[in-house]
Amino acid sequence: MTDGATAPDPTGSGAVAHKAWSTVTWASVLFSALGLLFAFASGLGLPAAIAGIACGAVALRRDRQARPWPLIATIIGAVATVIAVVHLIIAANIWLPQLLAA
């Protein structure tokens, strides 16, 4: 093994076996994707996006072998957070005056 991230395939086929992601890495990718998916629904994805950022930050420190994915998940979570906050502000500006007038 050269870098610890990959190992030769024991079957001898020449393929390279990759290290499996940790649970925290999976959680960061999942939460960030859900946060981005639901960020356009009036900010509904905000909690998932924040959880994706938190899990991504933890995975960056713990799971060095899956290095680009926690960083990608953290960036996607941050973008989803910004989108969700913008949509939440827009929704509040539309609905709050109508609710307060009633």
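Take LEU30 and tell me if it is more than 11 Å from ALA80 (Cβ to Cβ), part of a helix (DSSP H, G or I) and modelled with pLDDT of 95 or more.
Yes: the conditions hold for LEU30.
State all residues of the range 66-78 that are surrounded by 15 or more Cβ atoms within 10 Å (Cβ to Cβ) and either β-branched (Val, Ile, Thr) or more than 10 Å from the chain's Cα centre (by Cα) (or both); if no residue qualifies, say none.
Listed by number, the residues that qualify are ALA66, THR74, ILE76.
Scan ALA27, ALA39, ALA57, ALA48 and give me the residue that is surrounded by 16 or more Cβ atoms within 10 Å (Cβ to Cβ), over 14 Å from ILE72 (Cα atoms), under 11 Å from the mean Cα position of the chain (by Cα) and not polar (S, T, N, Q).
Just a single option satisfies the conditions, and that option is ALA48.
Is it the case, given these coordinates, that ALA49 is within 28 Å of LEU96 (Cα to Cα) and at pLDDT 95 or above?
Criteria met by ALA49.
The values are calculated or read from the model by the stated rules, or taken from the named source; none is laboratory data. Computed from a prediction, not measured in an experiment: that's the story for all the values here. Every residue, glycine as well, gets a Cβ built from its backbone with ideal geometry; the counts of neighbours run over all protein chains shown.
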